[in-house]
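The values are calculated or read from the model by the stated rules, or taken from the named source; none is laboratory data. Note that the structure is a prediction, hence the values are computed from the model and not measured. As a convention, Cβ positions derive from the backbone with ideal geometry for all residues, glycine included, and neighbour counts pool all protein chains shown.
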Amino acid sequence: MAASEAPPFWWEKPDWRAWTLWPLSSAYGLAASARLRSAKREKVPAAVLCIGNLTVGGEGKTPIAIALARHAIARGLKVGFLSRGYGGTVSKPHFVNPEEDSARAVGDEPLLLARHAPTVVARDRIAGAHRLVRAGCELIIMDDGFQSAQIHIDYALIVVDSWRGLGNGHVLPGGPLRAPLTEQMRFVDGVVTMGKGDAAEIVVRSASRAGRPVFSARVRPRSRQGFKGKRVLAFAGIGNPQKFYASLQESGADIVKTHSFPDHHPFTEEEVGELSAIAEAEDLLLVTTEKDFVRLQRGPLAMREFAASVRVLMIEAVFDGARAPDLIIQPALQAWRERMLGA
């Protein structure tokens, strides 16, 4: 579902559409639950920290993964990212080169991750993990993959958007949940809520009842970027464009127009031409996300030429509480050491 527009009714109170799809959601939920319970996850000789979510769509996993990697690297740990490379065409495990690879080949998020630590994209996550181990990585941060049922996870951190939460609370296709909440929470080690709002309360209560730690974080613009007072045409093809628009507004920009595309959207020449024409006619500054920019920058010539006229809002995830990253990373390392001693 990530590559297409998520139905708006997913993020509203359950209505006739969600209830009409209830039989399909129930069947999907049963299958997803069975897969989670019966999966045989292979262990690899490195700590595996999974940054996942309970729903489809953008919850802020990639900024959290980068924030934790930076903290772990500062501690002297050898860190590597493991990604499915959604939207890419590479089939075998591949180390991402952010200066040479295209989003079409490896996906957009891996291009961002590779700027911070060695990154492998692999449809077979086991094979990808072993590539990182051979490269000397002792901590593998898996961006997504919580429900993939392939690899043993030493610490599963679930990211929940505090504004959207679980949407209507229904399982695919009637809602955004990837499996029933109670079934997914069995495999969760920690929860991090992103941003302001109380829509994540149901997950927070569930985690608290199970004795799982709950952290909070937010996304903020990275330093001063010169957007204050600028009249902007903001566009984004991410899971939750409203989060991008809010961060851009926080940076002081005057957002005159917005244009939202589906997550991982492959821009066309017609689309970028239309954006350029509007910006020129109304004297607006084109601004987009890092993830969208790498798709443009590493795309065909027309996209690269368009990218030269676009500004990027740089963001970062910040935890509330200086000890939070250690309280996530340390249990992952401890679980790995214990299973290696018991091997």
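Out of curiosity, is Ile278 assigned by TED's automatic domain parsing to the domain that holds Ile66 and among the β-branched types (Val, Ile, Thr)? When the stated conditions are applied, Ile278 does not pass them. Hey, does the stretch 69-89 have a residue that's under 17 Å from Leu139 (Cα atoms), of a type in the set (A, V, I, L, M) and part of a strand (DSSP E or B)? For the stretch 69-89, residues under 17 Å from Leu139 (Cα atoms), of a type in the set (A, V, I, L, M) and part of a strand (DSSP E or B): present. Among the residues making up the stretch 288-309, those that are among the hydrophobic types (A, V, I, L, M, F, W, C) and either more than 16 Å from Phe261 (Cβ to Cβ) or assigned by TED's automatic domain parsing to the domain that holds Gly107 (or both) are Leu301, Ala302, Ala308. Restricting to the stretch 63-91, give me the number of residues that are free of Cβ contacts under 8 Å to residues at least 60 places away in the same chain and either small (Gly, Ala, Ser) or more than 20 Å from Val106 (Cα to Cα) (or both). Total meeting the criteria: 7. Among what's in the stretch 8-38 and is exposed (fewer than 15 other Cβ atoms within 10 Å of the Cβ) and not in a helix (DSSP H, G or I), pick the residue that is nearest to the chain's Cα centre (by Cα). Ranking the qualifying residues of the stretch 8-38, first place goes to Glu12. Among the residues of the stretch 285-343, the ones that are in contact with a helix residue (DSSP H, G or I) (Cβ under 7 Å, 6 or more places away or on another chain), hydrophobic (A, V, I, L, M, F, W, C), part of a helix (DSSP H, G or I) and over 22 Å from Ala69 (Cβ atoms) come to 5 in all. Show the residue pairs meeting these rules: Cβ distance below 7 Å; 6+ apart or different chains; first residue within the stretch 263-282 and in contact (Cβ under 8 Å) with a residue 40 or more places away in the chain; second residue crowded, with 17+ Cβ neighbours inside 10 Å and part of a helix (DSSP H, G or I). That search, which allows pairs on different chains as well, returns His264/Asp108.
Listed by first and then second residue, the pairs with beta-carbon distance under 9 Å, at least 6 apart or on different chains, first residue in the stretch 326-342 and under 16 Å from Ile73 (Cα atoms), second basic (Lys, Arg), are Asp326/Arg75; Ile329/Arg75. Of the listed requirements (1) surrounded by 24 or more Cβ atoms within 10 Å (Cβ to Cβ); (2) over 22 Å from His152 (Cβ atoms), Ala74 misses just one: (1). If you check Ala332, Ala308 for being exposed (fewer than 14 other Cβ atoms within 10 Å of the Cβ) and either more than 17 Å from Pro63 (Cβ to Cβ) or touching a strand residue (DSSP E or B) at 6+ places or on another chain (Cβ under 9 Å) (or both), only one passes: Ala308. Gly107 satisfies every condition listed in (1) in contact (Cβ under 8 Å) with a residue 12 or more places away in the chain; (2) more than 11 Å from Phe81 (Cβ to Cβ); (3) surrounded by fewer than 22 Cβ atoms within 10 Å (Cβ to Cβ) except (3).
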